[in-house]
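Below is one structure, written out as structure tokens; the observations come after it.
The values are calculated or read from the model by the stated rules, or taken from the named source; none is laboratory data. Since the structure is predicted, the reported quantities are computational estimates derived from the model, not experimental observations. Reconstructed Cβ throughout: ideal geometry from the backbone, glycine too, with neighbour counts over all protein chains shown.
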Amino acid sequence: MSAFAVRVLSFNIRGQVKKDGVNAWPLRGEVNLSIFGKANADLIGFQEMQDENWAFYEERLRGYERRRGTHYNNTEPFNYLSIFWRPEKLQALAEGRFWLSKTPEVHSGDWDTDCFRGAHWIRFRPKAGGTEFVFLNTHLDHVSEYARAEGSKVVLEQLKSIAGKAPVLVTGDFNCDPGSAAYRTFQEGGFTDVFLQAGNADGPDVYSFHKFTGERQPGIGRIDWILTRGGTPGFSAKSCRILRDAEPPLYPSDHFPVLADLTLA
């Protein structure tokens, strides 16, 4: 059997926030939508999905099955971790949600987190046959490094029962750069950074958060990652890039999305 090829997009879309001015959602929705035609992804992990975004995609973003996952933030309006996929390529077998806290089964937060955070996962089988894998989408806290490190440990602990020995694919806004405590937790847990595996290198011109400017923000680099972990067979990266398409002063989001071409042997 030949390898299964899958194109994966990780995208923090920044929900409907009125203070965003010219880049408030009603004004940038069309620019945001244009990303998906260019990316042509098979599998998408969204962070910061809100009701307005969901309704817009329901009407305009065709060709995907979709699940709205974990609600997070401390109060309404909530953000949602959401997963979209091409039904002709992937079959969803099981699904679950949890929060990044000492009580992951309930909407909660710990470790000085500024916002309650969570994770959403789906177990997939390629429609053409082959290896099942778990796709997990998450969003770590933007303030507390302690919460990011401990939240990463919660993800690894939950994956023990969710994935077993199956390959795992993770997307997310991790709110920290490679080399951080959370990044090391995933490395020590057996995960590979797809951006680096595909032959890229981090440097001063590599970043994913730009605050609606298109430019790197002081002290903030590549905080949006795509990670894979083992299994036999497992994933390998053919390519990975940060998509910088925009129509200034309009941007698809305050984050640039990350797109990767992977194979599952």
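Some points to look at:
- Meets criteria (within 20 Å of residue 11 (Cβ to Cβ), buried (at least 18 other Cβ atoms within 10 Å of the Cβ) and more than 14 Å from the chain's Cα centre (by Cα)) for residue 64: no
- Taken over the range 136-184, residues that are under 19 Å from residue 8 (Cβ atoms) and crowded, with 24+ Cβ neighbours inside 10 Å amount to 13.
- Here 24, 41 are screened, and the one residue that is buried (at least 21 other Cβ atoms within 10 Å of the Cβ) and within 16 Å of residue 252 (Cβ to Cβ) is 41.
- Only residues that are among the β-branched types (Val, Ile, Thr) and part of a helix (DSSP H, G or I) were counted in the range 138-158, giving 2.
- The one condition in (1) surrounded by 17 or more Cβ atoms within 10 Å (Cβ to Cβ); (2) free of Cβ contacts under 8 Å to residues at least 24 places away in the same chain that residue 217 fails to fulfil: (1)
- Residue count, the range 86-135 (criterion: surrounded by 22 or more Cβ atoms within 10 Å (Cβ to Cβ) and assigned to a loop (DSSP other than H, G, I, E, B)): 5
- The condition of being of a type in the set (D, E, K, R) and touching a helix residue (DSSP H, G or I) at 6+ places or on another chain (Cβ under 8 Å) holds for only one of 245, 205, that being 245.
- Among the candidates 67, 14, 28, 62, the residue that is in contact with a His (Cβ under 8 Å, 6 or more places away or on another chain) and either over 18 Å from residue 121 (Cα atoms) or at pLDDT below 95 (or both) is uniquely 14.
- Filtered by the rule that a residue be part of a loop (DSSP other than H, G, I, E, B) and farther than 30 Å from residue 160 by Cα, the range 234-265 gives 243, 244, 245, 246, 248, 249, 251, 252, 253, 254, 256.
- A Cβ distance below 8 Å, combined with a sequence gap of six or more or placement on separate chains, defines the contacts here; from the range 224-242, residues that are under 13 Å from residue 170 (Cα atoms) and among the basic types (Lys, Arg) reach residues that are at pLDDT 95 or above and in a loop (DSSP other than H, G, I, E, B) in the pairs 229/167; 229/189; 229/190.
- Single residue of 136, 159, 169 found to be farther than 16 Å from residue 99 by Cβ and in contact (Cβ under 8 Å) with a residue 12 or more places away in the chain: 169
- Answer residue from the range 40-82, given it is part of a strand (DSSP E or B) and free of Cβ contacts under 8 Å to residues at least 24 places away in the same chain and is nearest to residue 119 (Cα to Cα) among those: 68
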